[in-house]
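J.: Starting off with a structure, shown below.
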Amino acid sequence: QVHLVDSGGGLVQAGGSLRLSCAASGGIFSINVMGWYRQAPGKQRDLVARVFSSGSTYYADSVKGRFTISRDNAKNTVYLQMNSLKPEDTAVYYCSMQINRGNYWGKGTLVTVSS
């Protein structure tokens, strides 16, 4: 059974950095897209960034130039390096992966950016 574990959130001051990680395990044959979403209190869950098996990436406009997504296929892991964090980046961050043609989610990790 596929299982995703995301981690790396925490409290950071504005301008600081955090690195999120998400590792997948259990019955994995192939992983296509890996991505990160976030959900702020009272708001919908939005796509932050994604990386395809080809290595191509996509970023939401709000994080371009500040966040970098990467993947380690040998470890079935996706990372999100977040720099120059802003208070508006505060949210629960969820990883998502398309594994064996199914879509899976992590439980989320809270990122809080203080001003």
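The values are calculated or read from the model by the stated rules, or taken from the named source; none is laboratory data. Since this is a predicted model, take the numbers as computed values, not measurements. For neighbour counting, all protein chains shown are included, and Cβ atoms are generated from backbone atoms with ideal geometry for every residue, glycine included. Ligands, DNA and RNA are excluded from the accessible area calculation, which covers all protein heavy atoms including side chains. Shrake-Rupley method; radii C 1.70, N 1.55, O 1.52, S 1.80 Å.
J.: Could you list the residues of region 69-109 with an amide nitrogen less than 11 Å from a label point located 7 Å from the Cα of Val2 in the Cα-to-C-beta direction?
T.: Residues passing the 11 Å test: 96-106.
J.: Can you give me the % of accessible surface on the chain that is carbon or sulfur? Probe 1.4 Å, all protein chains present, nothing else counted. Please report the intermediate quantities before stating the final value.
T.: On the way: 2920 of 6230 Å².
Its accessible area is 47 percent carbon and sulfur atoms.
J.: While we're looking at this one, here's another question. For region 6-18, just list the computed ³J(HN,Hα) in residue order, Karplus coefficients 6.51, -1.76 and 1.60, θ = phi - 60°, integers in Hz, with x standing in for Gly and Pro.
T.: Karplus-based 3J(HN,Hα) across region 6-18 equals 9, 7, x, x, x, 9, 9, 7, 3, x, x, 10, 9 Hz.
J.: Oh, and also: Looking only at the chain, where both bridge partners belong to it, what percent of the DSSP beta bridges are antiparallel (to the nearest 5)?
T.: Just about 90 percent of them are antiparallel.
J.: Now for a separate question. Just to check I understand the Karplus step: with θ = phi - 60° and J = 6.51 cos²θ - 1.76 cosθ + 1.60, what whole-Hz values come out for region 23-33, glycine and proline as x?
T.: 10, 9, 8, x, x, 8, 9, 7, 10, 8, 8
J.: What does the accessible area per residue of the chain come to in Å², with a 1.4 Å probe and no ligands, DNA or RNA counted?
T.: On a per-residue basis, 54 Å².
J.: Describe numerically, in nm with one decimal, the distance between label points set 7 Å from Cα along Cα→Cβ at Ser114 and at Phe52.
T.: 4.2 nm
J.: If you average the sequence gap of Cα pairs under 8 Å that are 6 or more apart and divide by the length of the chain, what percent do you get for the contact order?
T.: RCO, the chain: 37 percent.
J.: HN-Hα J couplings of region 106-115 from phi, Karplus 6.51/-1.76/1.60, θ = phi - 60°, integer Hz, Gly and Pro as x?
T.: So the Karplus estimates, Gly and Pro as x, are x, 7, x, 9, 7, 10, 10, 10, 8, 8 Hz.
J.: Can you list the lysines whose alpha carbon sits under 29 Å from that of Lys43, skipping same-chain ones fewer than 8 residues off?
T.: Result set, ordered by chain and number: Lys64, Lys86, Lys107.
J.: Decide, for the chain, between rounded, prolate and oblate: order the square roots of the alpha carbon gyration tensor eigenvalues as a ≥ b ≥ c, take rounded if a/c falls under 1.5, and otherwise choose prolate if a/b is larger than b/c, else oblate.
T.: Here the chain falls in the prolate category.
J.: Something else about it: Pick from Gly55, Gly42, Gly65: which is most flexible by mean-square fluctuation in a GNM of the chain where alpha carbon atoms under 10 Å apart are linked?
T.: Greatest mean-square fluctuation among the candidates belongs to Gly42.
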